[in-house]
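Please treat every number below as a calculation from the coordinates, not as lab data. This one's a predicted model, so the numbers in the text were calculated from it and none came from an experiment. Note that each Cβ is placed from the backbone with ideal geometry, even for glycine, and that neighbours are counted across all protein chains shown.
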Amino acid sequence: MSDVRYPFTAIVGMADLRLGLLLNAVSPAVGGVLVRGEKGTAKSTMVRALAGLLPSIATVDGCRFACDPAAPDPQCPDGPHVSPPASERPAQLVELPVGVAEDRIVGSLDLERALAEGVKAYEPGLLARAHRGVLYIDEVNLLQDHVVDLLLDAAAMGRSYVEREGVSVRHAARFLLVGTMNPEEGELRPQLLDRFGLTVEIAATRDPAERAEVVRRRLAYDADPAGFAERFAEEERALAERIVAARELLPKVELTDVALRQITAVCAAFEVDGLRADIVMARTAVALAAWDGRTEVQEEDVRKAARLALPHRRRRNPFDAPGLDEEQLDRTLEEHAQQEEPEPEGDGSGPDGDGPDGDGDGPEGGPDGGGPDGGGAPEPSDGGPEGSAPEPPAPEAPSPEGPEEPAQQPVPAQHPSPARESAPVAAGDPYRTQLFTVKGTGHGAQGRRSPAETTGGHTIRARRPQGALGRLHLTATLQAAAPHQAARGRSGRALVVHKDDFREQVRQGRESNLVLFVVDASGSMAARQRMTTVKGAVLSLLMDAYQRRDKIGMITFRGAGAELALPPTSSVEVGAARLESLPTGGRTPLAAGLLRAHEVLRVERLRDPSRRPLLVVVTDGRATGGRDALARSHRAAALFAAQGTASVVLDCESGPVRLGLARTLAGLLGGTAVGLDELRAEGVASLVRESRSDNRSANRATTAMRKAA
């Protein structure tokens, strides 16, 4: 790979992304930008190209924390810096690997010096390297939540705090934060989304001419990176100079009262939580004015700031796609464009109040007329960020079938099984469900479902390293080495430590699992309008999987066989979309659904052997279609029991006459059966409370009888 970066100005299209990155380069206080888009849209290329535009920085010679010699950090661990020698270097781009550990980010105790020299020293992490530069997190949605929290806290406060292993360090950590993600691979929690200042939705252009130009430029760059970069060198220099000029102008930009009222009115109209959105919009609008070479914020700045700062803050639940209603935005801006500040009560002065506040005839007259702002800033190419939830595939048309074959068990008359496909029905409202876990202690990726030994959590013991040394247990290591110091000839403060003395921490937390849904979409499930309730239950379980950081997959069965509707993925939103479009009708090939699930789990064990599966079968237990349909489904269930796969059967049977087939299936799977009316967590808590209340009443009655006797 060439060391020559792809030029920022050579990237075709994506005006919103260019603008969002440049605004953060002008004012890092905006809070960073999250780039959401499909794979192959040059997200990483553009972020790396931006680093080449940033001006060089002056640093204190020998300082590992990039202190500014003009204003050194008084808490710098390498300080204090008094009249230090300085030099210039380019702003650094620090890329964060997906599997990065917490101590690599914030730094930790320098173990080599601690053991060899007997001194306590701090080894800086990636946040120290990123100070006054760019911190780039590719696939930010795949990082563990506590790591994302740590990064966003540092970005918001501009300082990193390290309190670990006897080390207490504070140092400056101000950087331009850029995160990229593909929503198909899983979403960030709304709480984490809110911490990013701006968000930009991108997608590959559908214009053949633009696509051809993208390919043409990329091939030219691959053939001669230096020559290609030279073609855009003048444009790159001009853009870099504009960033410097905007930074210098930024402190002089005035946020007028009218613009501030528009900002707060827009945030209130869109019902965003908290006040972070108001602050981010204000900073973004000021940066936009500076970028355009103006010293006053105008209405168009507020409009652009809203389109960048609000879409990801509109999510009300995990399945909402980010978005913004442009018409509502325009109405709100128009309503507050000419609104005057209310007069203080008891003020006897004139009613118009157009004197000292200076906003009676200034900014309102310009942008309202629709004229250009004259700044030359890249204009967004479309109507704003759109929701990124992938479109579900169209359901296959069912083959015409006659009436269902007789089931292997009696079917009550009140549950007819329609042979024709029914149109998809909407899911019921989701709710909080019971927690289903996998028994035993796993070793999978950190999550919130089943007990496991993880890299996070609390330390429960120490052990000899199994393979490469993981997280060192310092106390246990010193205890193991201490009895042998005399025999090893120790002299001075340094300990004599051998390889056999090392101990690693064993931490217990919770892991994420693979939750594989096997959903019965046959005609029997459509009876009595049950599918709305069933879909609501599955949606609730999907939301539970989202909150617990699980991977999910979905298999549906109806008609002639089973279909893998959603291969195992971290994107629970895609699962919700597929569920919403799920039609019902036809026979009930339960055995085919179970066998397909067995094959999917077999493949996933090879791909990710440490992630334990949880099988969730959603059915009423009936099986039709072919000879011995029920017996074949029971034999398929026994395969899971033999492998010890954790399973839950969501019993969808209803009505006064129940055959208990789903509960029989749960027994054959070696799992648990839960009725639709038992799934709610509140229902379980209510049963427990009622049971405790009954016990207390019985105890009081027994005590009263004894006293009477």
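What shape does region 214-327 have by the C-alpha gyration tensor, where a ≥ b ≥ c are the square roots of the eigenvalues, rounded means a/c under 1.5, and otherwise prolate means a/b greater than b/c and oblate the rest?
Oblate.
Between His458 and Ala204, 0.36 nm times their residue separation minus their Cα-Cα distance comes to what?
The span from His458 to Ala204 would gain 87.0 nm if fully extended.
Would you mind calculating the gained length between Lys439 and Asp149 on full extension (0.36 nm times residue separation, minus the Cα-Cα distance), in nm to one decimal? Before the final figure, lay out each step's value.
Values: separation 290, 0.36 × 290 = 104.40 nm, distance 2.93 nm.
Separation in residues times 0.36 nm, less the Cα-Cα distance, equals 101.5 nm.
Full extension from Gln466 to Asp608: what is 0.36 nm times the residue separation minus their Cα-Cα distance, to one decimal in nm?
Numbers: separation 142, 0.36 × 142 = 51.12 nm, distance 1.95 nm.
Between Gln466 and Asp608, full extension yields an extra 49.2 nm.
Along its principal axes, what span do the Cα atoms of region 264-310 show, with the longest given first and each in whole Å?
Extents along the principal axes, in whole Å: 32, 15, 15.
By its C-alpha gyration tensor, with a ≥ b ≥ c as the square roots of the eigenvalues, how is region 417-572 shaped: rounded for a/c under 1.5, else prolate for a/b larger than b/c, else oblate?
In terms of gyration-tensor shape, prolate.
Once a ≥ b ≥ c are taken as the square roots of the eigenvalues of the Cα gyration tensor of region 438-503, is the result rounded (a/c under 1.5), prolate (a/b larger than b/c) or oblate (a/b not larger than b/c)?
It is prolate, given that a/c is not under 1.5 and a/b is the larger ratio.
Find the relative contact order for region 135-179 and round it to a whole percent, using C-alpha pairs within less than 8 Å whose residues are 6+ positions apart.
Taking the mean separation of contacting Cα pairs over the length of region 135-179, I get 48 percent.
Which value in nm describes the separation of the simple spin-label points at Tyr161 and Asp103, placed 7 Å from the Cα toward the beta carbon?
2.1 nm
At a Förster radius of 56 Å, what calculated FRET efficiency corresponds to the Cβ-Cβ distance of Arg89 and Thr672, to the nearest 0.05?
0.40
What nm distance separates the two modelled labels at Arg635 and Thr475, each placed 7 Å from Cα along Cα→Cβ?
That separation, rounded to one decimal, is 5.8 nm.
At 7 Å along Cα-to-Cβ for each site, give me the label-to-label distance between Ser168 and Glu38 in nm.
Inter-label distance under the simple model: 5.4 nm.
Please work out the C-alpha center-to-center distance from region 597-675 to region 244-298 and express it in whole Å.
Using only Cα atoms, the two centres lie 56 Å from each other.
Given contacts defined as C-alpha pairs under 8 Å and at least six residues apart, what's the relative contact order of region 466-555, whole-number percent? Working shown, then result.
Working: 63 pairs, mean separation 28.8, N = 90.
The value is 32 percent.
Can you pick out the pairs among Lys252/Lys304; Lys439/Lys551; Lys39/Lys304 whose Cα atoms lie more than 22 Å from each other?
Lys39/Lys304
At a threshold of 8 angstrom on Cα-Cα distance, excluding pairs fewer than six apart, so keeping six or more, what relative contact order does region 147-242 reach in percent?
17 percent
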